[in-house]
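Trainee: Please see the structure below; I have some questions.
All of the numbers you see were taken from the coordinates with simple rules; none came from a lab. Since we're looking at a predicted model, the values are computed, not measured. Don't worry about glycine lacking a Cβ; one is built from the backbone with ideal geometry, like all the others, and counts go over all protein chains shown.
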Amino acid sequence: MVEKGDPGFKWVQPQSEWDPVVLNYTSGTTSSPKGVVQSHRGIFIVSATALIDWGVPKHPVYLWALPIFHTNGWSHVWGMAAVGGTNICLRKVEAPTIYNLIDRHGVTHMSGAPVVLNILTKSPDVEPLKNPIHILTAGAPPPAAVILRTESLGFVVSHGYGLTETAGLVVSCAWKPKWNTFPASERARLKARQGVTMAGFTEMDVVDPRTGESMRRDGVSVGEVVLRGGCLMLGYLKDPLGTSKCMKDGWFYTGDVGIMHQDGYLEIKDRSKDVIISGGENISSVEVESVLYTHPAVHEAAVVGRPDEFWGETPCAFVDLKDGLNQKPCEKDIIDFCRKNMPHFMVPKTVVFKDELPRTSTGKIQKFVLKEIAKGMGLKK
């Protein structure tokens, strides 16, 4: 490609590291996608940081189970070029194709949303890997049960957190050696947390969205996740009002609801728009989903609020069951399972079985679509 290029081509150099370099769009899980303008500085910081934090060596073989256009593939497009990586691309994320490419090319690294982990572990014919593969997951809080299943196959799962507005991942679940002595289920629970700030990012916090005051680091007090650092977006394209709503005093208000643990690790509990308020109680849809994922018959699950005549709204679970089940659970079976494994006020009052959950092009479940379906069911009485 270089040999066929025009040697007289004049590259346009930026006048400043803060000049725009790329325009990305948010995934549109809660509303219409917004154009996010990123700077040269931000892209450089997040690309270099991703390599350092993940410990990527020279000449990795990277499988693209993550769309390259999704925040520039979490900035791995530039990162893989920097370390001389080989990029293995696929048109459709399917388990047989992925495992075939892994064997054929000797894949060492890959990334994907939690839905990719689910796809990799769904097939009953899947066998453990011949060699460990490092897989980085982000984009939505992964249930601990999904991480546990993935690692049982030989994948080394790393978990991170970032947004289109941060140009890639800025928080990662930095692993502590002493955790290796814990039971597998406990290791998976710890790894399901988002983690601590990566080397190239400045600061994160969980605050009261009304006052901006930091919440207690007790693993219980819930607030909004805010971020500050050099790889934050320049702003939303032609949307100064939208930019001003989420950028306050240098902090980016993510709209994600989370808690800070005593050890300084962040854990996302939900999107603020997805918290279910039932009878005055705040219910994290993510926590309910995490329990549903431990049911042996459940492949995927998403929980939203359904209007309720008495409680205001109650949890409504949309469930995609695993293939090849000899006996499929009914709504009562799922509800009874939840009642045994979570506080009763969090238990779904409605369960809807679907063959497939609606998704964005990047694999995220479109909860606003499910909310409309739940709303169309009418008031729960």
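Trainee: Can you put His76, His295, His109, His344 in order of Cβ neighbours within 10 angstrom, beginning with the fewest?
Mentor: Numbers: His76 29, His295 19, His109 22, His344 7.
If I rank by nearby Cβ atoms, fewest first, I get His344, His295, His109, His76.
Trainee: Also, I was wondering about something else. Among Val116, Ser221, Gly79, whose Cα sits farthest toward the positive end of the charge dipole of the chain (+1 at Cβ of Lys/Arg, -1 at Cβ of Asp/Glu, about the Cα centre)?
Mentor: Going by the Cα projections, it comes out as Val116.
Trainee: If you don't mind, there's one more thing I want to ask. Holding the Cα-Cα limit at 22 Å, pick out from Lys130/Lys178; Lys191/Lys269; Lys10/Lys34; Lys58/Lys364 the pairs that are longer than that. Walk me through the numbers before you get to the answer.
Mentor: On the way: Lys130/Lys178 26 Å; Lys191/Lys269 14 Å; Lys10/Lys34 32 Å; Lys58/Lys364 31 Å.
Cα-Cα > 22 Å for Lys130/Lys178; Lys10/Lys34; Lys58/Lys364; rest within.
Trainee: Right, something else. Dipole of the stretch 275-376, Cα-centred, from +1 at each Lys and Arg C-beta and -1 at each Asp and Glu C-beta, to the nearest 20 debye?
Mentor: Values: 13 positive and 15 negative charges, 15 e Å.
Magnitude of the dipole: close to 80 debye.
Trainee: Could you state the angle between the C-alpha long axis of helix 40-54 and the longest principal axis of the C-alpha atoms of the chain, as a value from 0 to 90 degrees rounded to the nearest 10?
Mentor: Compared with the principal axis, the helix lies near 70 degrees.
Trainee: Hey, another quick one. Considering only Leu169, Pro67, Pro132, whose Cα is most displaced toward the positive end of the charge dipole of the stretch 20-197, charges sitting on Cβ of Lys, Arg (+1) and Asp, Glu (-1)?
Mentor: The residue sitting farthest along the positive end of the dipole is Leu169.
Trainee: For Ser123 and Gln262, calculate 0.36 nm times their separation in residues minus their Cα-Cα distance, and state this gained length in nm to one decimal. Mind dumping the intermediate values first?
Mentor: Values: separation 139, 0.36 × 139 = 50.04 nm, distance 3.83 nm.
Contour length minus Cα-Cα distance gives 46.2 nm.
Trainee: Enter the angle in degrees (range 0 to 90, nearest 10) between the Cα long axis of helix 367-376 and the first principal axis of the Cα atoms of the chain, meaning the one along which they spread out most.
Mentor: 30
Trainee: Continuing with the same structure: If you project the alpha carbons of the stretch 20-197 onto their three principal axes, what span does each projection cover, largest first, in Å?
Mentor: Computed over the Cα atoms, the extents are 45, 35, 34 Å.
Trainee: If you fit an axis through the alpha-carbon atoms of helix 331-341 and take the longest principal axis of the Cα set of the chain, what angle between them do you get, 0 to 90°, nearest 10?
Mentor: The two axes meet at around 80 degrees.
Trainee: Something else: Can you tell me the dipole magnitude for the stretch 1-93 around its Cα centre, using point charges on the Cβ only (Lys, Arg +1; Asp, Glu -1), in Debye to the nearest 20?
Mentor: Details: 7 positive and 5 negative charges, 55 e Å.
Its charge dipole is roughly 260 debye.
Trainee: Could I ask something else about it? Based on the Cβ-Cβ distance of Ser214 and Gln327, what FRET efficiency does E = 1/(1 + (r/R0)^6) give at R0 = 41 Å, to the nearest 0.05? Let's see the in-between values first.
Mentor: Values: r = 49 Å, r/R0 = 1.21.
After rounding to 0.05, the efficiency reads 0.25.
Trainee: Obtain the nm distance between the two label points defined at Asn87 and His344 by a simple spin-label model: each point lies 7 Å from its Cα along the Cα-to-C-beta direction.
Mentor: 5.5
Trainee: Please enumerate, by chain and number, the lysines with C-alpha under 20 Å from the C-alpha of Lys380, excluding those fewer than 8 residues away in the same chain.
Mentor: Lys332, Lys349, Lys354, Lys367, Lys371
Trainee: Ignoring everything except DSSP H segments at least 4 long, calculate the 222 nm mean residue ellipticity for the chain; use -39,500 (n - 2.57) per segment, divide by total residues, nearest 500. It would help to have the intermediate numbers written out before the result.
Mentor: On the way: 11 runs with 99 residues, N = 381.
After summing the helix terms and dividing by residue count, I get -7500 deg cm²/dmol.
Trainee: For labels at Lys130 and Val12 in the simple 7 Å Cα→Cβ model, what's the distance in nm?
Mentor: Taking the simple label geometry, Lys130 and Val12 are separated by 4.7 nm.
Trainee: Divide, for the stretch 203-271, the radius of gyration over alpha carbons by 2.2 N^0.38 Å, where N is the residue count.
Mentor: Details: Rg = 12.5 Å, N = 69, 2.2 N^0.38 = 11.0 Å.
Working it through for the stretch 203-271, the quotient is 1.14.
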